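Report on one structure; see the data block that follows.
The values are calculated or read from the model by the stated rules, or taken from the named source; none is laboratory data. Because the structure is a prediction, the values reported are computed rather than measured. Positions of Cβ are generated from backbone atoms using ideal geometry, with glycine treated the same way; all protein chains shown enter the neighbour counts. The accessibility values were calculated without ligands, DNA or RNA, using every heavy atom of the protein model including side chains. Shrake-Rupley method; radii C 1.70, N 1.55, O 1.52, S 1.80 Å.
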Amino acid sequence: MRVPRFLPGLPRSGRSGAFAAAAVAAATTAALLAPSGAAPRPAAAAPAGSVTDPNIPLVCENRRPEPVDPGSYGMQLDGSFLHPAATPVDEENPHPFPGRRDDYDSRSYSKNVKVEAAYEGADFTPDFFHTWQNIVDFDGRRYMFQYDRSEGRVYDITDVKNVKVVERMSRDDVGGDESRANGSWAAYDYWGATTIQWNARLNAYVMVMSFEDKRQISELGSEPGTDKFDNPAGVAAVRAKQGLKGFKVFRLDGPTKKDWKLLAAVSTDSTQADPLNSDLSKPQQGSGSLDVPFWDGGKYLFIGVAPNDSYANTEYPTNLHSAGYQSWDMSDPAHPRLLDTWHLEG
């Protein structure tokens, strides 16, 4: 059983329903998100044994539901799903349910689909966990981008029965370490989640690429004792990572990396004096632009972002930020301009 921590300055006895409500209200008020552009709010000193990072909100803590009977929720044999009353956040351990197979089903299933070709191996699966894809046409040929951070591939898919790899990007030779440069990448550079749209002003494809705080990380784990509430060293290691938090804008004159022309590197860290000329020599704050930006090639770009480290009221064990949303004026793709930030407080 986990012993609950107490918030500084609140009495530890007489915890009636009214007191509990008052305590939650006081804690929530203390942890409200700072407005866009504001520096992180200093927090009161935490009790001994608590987290030491001022932006890990004590109001959330590590209040996980106790384990429950695995048979009390999940998929049922009749195809229905029995919803749980409460379950722990747990991405690491599979949840058994009636009829669940113990072995992985490797068979293929299809209906009203004809498979024209299949491609396997590292060139066609650059990351077994997760990849992004974009498809773009250049000079009468069709290309597919497939990538996840340091692992990227570009394919000529004009003839789907004869797909060719035209570029490979990797950090395998440096163990995947993003702080190290190699033949594919500069230090702290990678291929983030991307949207590619035709831009009439430039008469070219323009790619907006997210640069974000990585959320599947080795420094913090999902289990108690390794998560952000119990692992201050892990939190400090994540905070110390360098690199852009924000997004980059490229003009695409062709499918391969040599054809990408960098137009802007934009920081979403609200403590930076100039988002278009941010300080990359020190760790930046906030989440950066999360996953895929929304942009149709016109005036407005929308991204999910925590602008600084005070945007932090999430109980998720490995995520240090609670993102809001931002709108940017992309009338000139080389000079994006922040319009507004909005979020739900608390």
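Odds and ends about this structure:
- K164 - accessible surface, heavy atoms, 1.4 Å probe, Å² rounded to 10: 110 Å²
- At the residue level, W198 shows approximately 130 square angstrom of accessible surface with a 1.4 angstrom probe and all protein chains present.
- Phi-based couplings in Hz for region 301-312 (Karplus 6.51, -1.76, 1.60; Gly and Pro marked x): 10, 10, 9, x, 7, 9, x, 7, 6, 6, 7, 9
- Inter-part distance, region 187-259 to region 298-335, computed on C-alpha centroids, equals 12 Å.
- Residues of region 315-346 with amide N under 14 Å of a point placed 7 Å along Cα→Cβ from F294: 324-328, 342-343
- Using the Karplus relation 6.51 cos²θ - 1.76 cosθ + 1.60 with θ = phi - 60°, the per-residue 3J(HN,Hα) values for region 316-321 come to 4, x, 10, 9, 7, 10 Hz, with x marking Gly and Pro.
- Divide the volume of the convex hull around the Cα atoms of region 206-333 by the residue count and you get 118 Å³ per residue.
- Between I157 and T52, the simple label model (points 7 Å from Cα in the Cβ direction) yields a spacing of 4.8 nm.
- Among P255, S270, G288 - extreme Cα towards positive end, dipole of region 192-346, charges at beta-carbon: P255
- Couplings 3J(HN,Hα) of region 334-345, computed from phi: 7, 9, x, 10, 5, 9, 6, 10, 9, 6, 8, 6 Hz, in residue order, whole Hz [Karplus 6.51 cos²θ - 1.76 cosθ + 1.60, θ = phi - 60°; x for Gly and Pro].
- Surface accessible to a 1.4 Å probe, per residue, for the residues of region 270-346, Å²: 45 Å²
- Extension gain, M144 to S110, is 9.9 nm, computed as 0.36 nm per intervening residue step minus the present C-alpha separation.
- Amide H contacts under 5 Å for D213, placed H, 5+ residues apart: G288
- Lys, Arg +1 and Asp, Glu -1 on Cβ, resulting dipole of region 275-346 about Cα centre, debye, nearest 20: 140 debye
- Extension gain, E66 to Y119, is 14.7 nm, computed as 0.36 nm per intervening residue step minus the present C-alpha separation.
- With all protein chains kept in place, the per residue accessible area of region 115-221 amounts to 52 square angstrom at a probe of 1.4 angstrom.
- Close amide H pairs (under 5 Å, H built 1.01 Å from N) link F138 with Y143, residues at least 5 positions away or on another chain.
- Greater than 24 Å apart at Cα, pairs in K114/K257; K245/K299; K114/K164; K114/K161; K257/K282; K164/K258: K114/K257; K257/K282
- Taking all protein chains together and rolling a 1.4 Å probe, T158 ends up with roughly 60 Å² accessible.
- Region 96-197 - percent of accessible surface contributed by carbon and sulfur, probe 1.4 Å: 46 percent
- Amide H contacts under 5 Å for T158: R142, restricted to partners 5 or more places along the chain or on a different chain, H placed in the peptide plane at 1.01 Å from N.
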